Amino acid sequence: MLRWSMDYFKFNHNEWFVENVPLSTIAKEIGTPCYVYSRAILENQWHVFNKAFNHYPHQINYAVKANSNLAVLNILAKLNSGFDIVSGGELDRVLKAQGNPEKIIFSGVGKTIHELTKALQVGVGCINVESGAELLRLNEIAITLGKKATIAFRVNPDVNPKSHPYISTGLQENKFGVNLVEAKLLYQQASKLKGIQIQGLAFHIGSQITSLDPFSIAIDKILELKRDLNQMCIAISHLNVGGGLGICYHHETPPAPIEYVNALLTKLRHTDLTIHIEPGRAIVANAGVLLTRVEYIKKQGSKNNKYFAIVDAAMNDLLRPALYDAWQDIVPINPRTNDTTPGYYDIVGPVCESADFLGKDRFLILEAGDLLMVRSAGAYGFSMSSNYNSRPRAAEVMVDGNNFYIIRHREDLTELTRSETMLPF
């Protein structure tokens, strides 16, 4: 029986633990802000997806953009995971983390000559082509290298995932993929190119999707395209349905991985297609929290019972609330009881932007010095962080049972200017 991921975050004796380690211990030794991940949750969530397929042919390609730390990637590589990448930098990370090149899927709309060349040289499993221009560029590179590029076309099925517009990728107004009509023409063209080997058909409609309906609608459209390709004697061996399965941050009710996989199998079980999926958030989000400490408590003007809790983490550490107005649970590590009056707090950082908040209107009991965790921060937390306001990026820590390990040291101020120079006059 596989456990639900957040079971590994436990509250005992007025203290929050991850696995068997008190979060306050990590904060004391490593400092804040700090990202903390659970190895048990990472492995558990990957196995949940893998076992849901039972014996049906499939490949799980972890979406590297969700969290690209080498330790995270190496843990998944040891599980024999595939990887979905969108840049040459992500390709380099997966290789350094001992990922299998043959299980790498290279997606993205703007692959450069250098990136495509490196992908062919290392032998990635499949390149998801997203335009006719990319197809021609890839064919030329492959011929020059004396290789065949194994490809799928990423098709844009024009399906609304009903998530935030910034993370919708399957509508005609989005930049991703090719439309259904163009796809048929491009498959015909690709079948005649010397440097191209057609293998798959791919789509990806968005992120943080909380209903199965958009997936079902997209698959129906894609299967119709596959039937047309069959009539054109163009063989397809795998269908990449992308990722995007959402998690519960607040009141969302997304399908469980087993429900998601069963819905895919209902549509695809009787085809001859190997199924590729690309979960990122659904594997790593609940594996991580962001630890931050309250620096100051500040009253919000004349408002009764309304305060700012100014913390040492900011929008440069966790961008999702500022970028998407995203909600993530914020919890005191050692909750106070009756010694302080409760109030409504906006949890804000020190960055000079009014958008610099981690959460608003949270009913809490807080004092300066209190330690907080922002939950479900393992996905699109550190990977979207920056040095805005010349702030060093946070440390990252992996917990494994009774032990924890620094998997990225906190940046220091010297690293912020190491690659910069002043004019010589």
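The values are calculated or read from the model by the stated rules, or taken from the named source; none is laboratory data. If you're wondering where the values come from, they're calculated on a predicted model, not measured in any experiment. Glycine gets a Cβ as well: all are built from the backbone with ideal geometry, and neighbour counts include every protein chain shown. For the accessible areas, the whole protein counts, side chains as well, though only heavy atoms, and no ligand, DNA or RNA atoms are used. Shrake-Rupley method; radii C 1.70, N 1.55, O 1.52, S 1.80 Å.
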Q: Return yes when LEU70 is of a type in the set (A, V, I, L, M), surrounded by fewer than 23 Cβ atoms within 10 Å (Cβ to Cβ), closer than 27 Å to GLU259 by Cβ and modelled with pLDDT of 95 or more and no when it is not.
A: no
(Q) Can you find a residue that is touching a residue at least 12 places away in the same chain (Cβ under 8 Å), assigned to a helix (DSSP H, G or I), aromatic (Phe, Trp, Tyr) and under 29 Å from ARG39 (Cα atoms) anywhere in segment 312-334? (A) yes
Q. Looking at segment 310-352, which of its residues are open to solvent by 70 Å² or more (accessible area, probe 1.4 Å) and of a type in the set (Val, Ile, Thr)?
A. THR337, THR341
Q. Does ILE60 satisfy being touching a Leu at 6+ places or on another chain (Cβ under 6 Å) and crowded, with 22+ Cβ neighbours inside 10 Å?
A. no
Q: Output the residue which, of all residues in segment 42-101 that are in contact (Cβ under 8 Å) with a residue 40 or more places away in the chain and hydroxyl-bearing (Ser, Thr, Tyr), is nearest to ALA379 (Cα to Cα).
A: SER68
Q) Does LEU193 satisfy the condition of being assigned to a helix (DSSP H, G or I) and crowded, with 19+ Cβ neighbours inside 10 Å? A) no
Q: Answer with yes or no whether ASN338 is more than 19 Å from ALA285 (Cβ to Cβ), in contact (Cβ under 8 Å) with a residue 40 or more places away in the chain and of a type outside the set (Ser, Thr, Tyr).
A: no
**Q.** Lone qualifier among ARG3, ARG39 - being at pLDDT 95 or above, farther than 24 Å from VAL311 by Cβ and of a type in the set (D, E, K, R)
**A.** ARG39
Q.
Being assigned to a loop (DSSP other than H, G, I, E, B), within 11 Å of TYR35 (Cβ to Cβ) and open to solvent by less than 60 Å² (accessible area, probe 1.4 Å) is the filter here; which residues of segment 394-425 pass it?
A. ALA394
Q. Looking only at segment 217-254, which residues are of a type in the set (A, V, I, L, M, F, W, C), assigned to a helix (DSSP H, G or I) and open to solvent by less than 40 Å² (accessible area, probe 1.4 Å)?
A. ALA218, ILE219, ILE222, LEU223, LEU225, LEU229
Q | Residue list for segment 73-90, restricted to those being open to solvent by 30 Å² or more (accessible area, probe 1.4 Å), within 16 Å of the chain's Cα centre (by Cα) and hydrophobic (A, V, I, L, M, F, W, C) | A | VAL86
Q: Report yes if some residue within segment 35-50 is outside any helix (DSSP H, G or I), surrounded by fewer than 24 Cβ atoms within 10 Å (Cβ to Cβ) and under 23 Å from the mean Cα position of the chain (by Cα); otherwise report no.
A: no
(Q) Among the numbered criteria (1) free of Cβ contacts under 8 Å to residues at least 60 places away in the same chain; (2) within 17 Å of the chain's Cα centre (by Cα), which one does GLU130 miss? (A) (2)
(Q) Every residue in segment 274-311 that is under 19 Å from the mean Cα position of the chain (by Cα), among the charged types (D, E, K, R) and either in a helix (DSSP H, G or I) or closer than 21 Å to PRO350 by Cβ (or both), please. (A) ARG281
Q: Kindly list the number of the only condition in (1) surrounded by fewer than 19 Cβ atoms within 10 Å (Cβ to Cβ); (2) touching a residue at least 12 places away in the same chain (Cβ under 8 Å) that fails for HIS13.
A: (2)
Q.
Just the residues that are open to solvent by 10 Å² or more (accessible area, probe 1.4 Å) and part of a helix (DSSP H, G or I), please, taken from segment 116-133.
A. THR117, LYS118, LEU120, GLN121, VAL122, GLY132, ALA133
**Q.** In segment 197-228, the residues that are farther than 20 Å from SER107 by Cβ and among the hydrophobic types (A, V, I, L, M, F, W, C)
**A.** LEU212, ILE217, LEU223
Q. Do we have GLY378 as touching a strand residue (DSSP E or B) at 6+ places or on another chain (Cβ under 9 Å), without any contact (Cβ under 8 Å) to a residue 40 or more places away in the chain, outside any helix (DSSP H, G or I) and small (Gly, Ala, Ser) here?
A. no
Q. Taking segment 220-268, which residues are among the β-branched types (Val, Ile, Thr) and more than 17 Å from PRO57 (Cα to Cα)?
A. ILE222, ILE234, ILE247, THR253
Q) How many of the residues making up segment 196-216 are assigned to a helix (DSSP H, G or I) and in contact with a His (Cβ under 9 Å, 6 or more places away or on another chain)? A) 0
